[in-house]
Structure formats: structure tokens, C-alpha cells
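The values are calculated or read from the model by the stated rules, or taken from the named source; none is laboratory data. If you're wondering where the values come from, they're calculated on a predicted model, not measured in any experiment. Don't worry about glycine lacking a Cβ; one is built from the backbone with ideal geometry, like all the others, and counts go over all protein chains shown.
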Amino acid sequence: MKWGIAAIALTVVFGAGFTTAQAQNYPSKPVRVIMSSSAGGTSDIFMWVLADELHKRIGQPFILENRPGGSFNIGARACAEAAPDGYTVCMMSAEPVAFNQYLFKTLPFDPTAFVPITQFFYLTQMMVVSAELNVRTIPELVALSKAKPGTLSYATAAVPTGVFLERWKTVAGIDMVRVPFRGGGEAVTSLLNGATPVGFYGIANLRELLEGGKLHGLMVDSLKRSPLYPDIPTIEQATGLTFNGRSWFGLFAPPGTPATITQRLQVEIAQIFARDDFSKKHMIERGLEPVASTPEEFGRFVNRDRVWSEQIIKDSGLQPQ
């Protein structure tokens, strides 16, 4: 099978037992994709679609294995412990690779050891409320919470967003209880059944519910208003507070995975993303901003995100647990 970059086919990979011939034949069997989030969420739905496209291009199935929980650390540990042979890759967010090392005293893996393949996308998230609350704006939500302190609960699957909302609660002088969930799919279910009437989730999980009138959107975490919902303000517009912790997802490999493998996968993924029929339907229209960075670009991005994550944790006053 041809490589996207001719030079890659000439590379001999040491330490992982790969010869040039073996690398050229990759993959020769199914590839496992460890998901650090639960089934049914934005990242899970996206990866199912991408896995199908990769199967068509490469000739081997990409099989998803959900390992949610533990602030995304369970999936990350499974990734870290997998064989670095190219037959396990891992879709992860910022939390386990850039954020959690400052929230936990110890982690069962080295977050800096994962091999970056590509950043998939930025995920635009929206604060929403159940239509039964009869709330349409942030000031109305603040007023309701002050009128009924401690009775409202909220959820978000993203750790940076949760840190921000705790800060916003303090500034706004309101009392809402945070409810933890393992993934966006579970959180939206709780929102719909009224158990947790306030949430901050990816737009992809919300569009049908917003358009059906079951939810009302209050603000988005993107730097500009979403073209999908131009009437809904940004966090800064709605609260006066800045927020730089946008959610993102990317693909990593276990520590020690050969560069020939990660480069091959990135080239294939970038070519899929370059197709308008894929990027528009499965990404842009679902509130995802495509990236498809190279392994080197993605590695530099993650390093910068670690610096930012450390600073936001310090500013929040949170202590590692």
C-alpha cells in the first residue's frame, strides 16, 4: 500500500520491531480506537464516521472501544498501557493529556508520553437549559438561581468548562450544584429528563433539541458567535468574563509508537478532512472546527495547552486531589 509521503516509506523504525516492509504493509489487521469518552457523545459519533472512512481508504476496520470515566483518565491509562505497534490509537481531549496533571496529585500514566497524531477539531459548546425552566438569557438564569439557591444543578463533560463555570458562579453570586457525568451523551439524557436542567455541551448533541424547542441556548464558548446560532452570545458577551479553554479532541498513539505509523494516519485523515462532503456534513454543521494538524504541529499545540492549563488551575485556586 502506498504512503502519502514517499520519504516515509524509506524510513526504518528501530525499537518497535518494525522493518520498512512491515511499515509499508500497515495496517494488516484491525486497528483498535480507545475512546476516553462515553458512547453517544459528540466525539463518539464523529469517530464512528471517521472510522468508516478510514476503513474504506486503508482496507482495515477501526474498532471503537469506549473507556469513559475518571475525568477521562481511565481511557488514557488504557492507551498508555497498549502495545506501541500501531494497532491501538486513542481519541482523547485536553483533559488527560494537558489538564489533569494539575488537578490530580498522581496519574496512572505519563501525560507527556503519548505520541501525537493529529488534532481533529475544536468543539463549540453551548450553555443550555431545559425549556421547562422558562429561562432565555444568562441574567434570567442568575435571577432564578438566586431566587432558589442550591436547587439548580448543572453538568458539563469538559473539565476546563467546569472550572470556568465554578469561577462564574462565584462572580455572579449564584449557587448551582455541579453533577459529574462520564460523557456528553449521559449528560444530555439527564438534561432531558429534568434531573440536571442546566448544562454546557457540544452543539452537535443539541441541535435537534434546540430546534425542537426542548432546550434554550444561553451562550457559546467560541471566540465568535456560532454561525449555526448567531443570536446566541459568546461567554464574554454574556458574562463579561474571558474564556480560553476551548474544548478540542485529537488522535494519539501509545508511547513509543513509530513515527511512520503516526505520519501515515495523519496523511490519511487530512485527506478525508479536505473533502467538503465530509468536513461540512460531519464537522462544520455539527459545530466542529476541523484542524487535521501534522504530528509535529499537534505536539507543539499540546505543549502550549499544558502551559495554559497550569495557569488556569492556579488562577482558579483549585488544589490537586
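Quick rundown of the values:
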read-out	value
Test result for T189, among the β-branched types (V, I, T), under 29 Å from E285 (Cα atoms) and touching a Gly at 6+ places or on another chain (Cβ under 8 Å)	no
E236, sole failed condition from (1) under 21 Å from E95 (Cβ atoms); (2) outside any strand (DSSP E or B)	(1)
Candidate set: the range 17-48, residues that are surrounded by 12 or more Cβ atoms within 10 Å (Cβ to Cβ) and over 30 Å from G69 (Cα atoms); chosen: the one modelled with the highest pLDDT	Y26
Cβ pairs under 8 Å, 6+ apart, first in the range 289-307 and touching a residue at least 24 places away in the same chain (Cβ under 8 Å) and within 12 Å of L251 (Cβ to Cβ), second among the charged types (D, E, K, R) and surrounded by 15 or more Cβ atoms within 10 Å (Cβ to Cβ)	none
Residue in the range 3-12 that is surrounded by fewer than 18 Cβ atoms within 10 Å (Cβ to Cβ) and at pLDDT 95 or above present	no
Residue in the range 91-118 that is surrounded by the most Cβ atoms within 10 Å (Cβ to Cβ), counting only those that are in contact with a strand residue (DSSP E or B) (Cβ under 8 Å, 6 or more places away or on another chain) and in a helix (DSSP H, G or I)	V97
The one condition in (1) over 26 Å from P180 (Cβ atoms); (2) touching an Asp or Glu at 6+ places or on another chain (Cβ under 9 Å) that G40 fails to fulfil	(1)
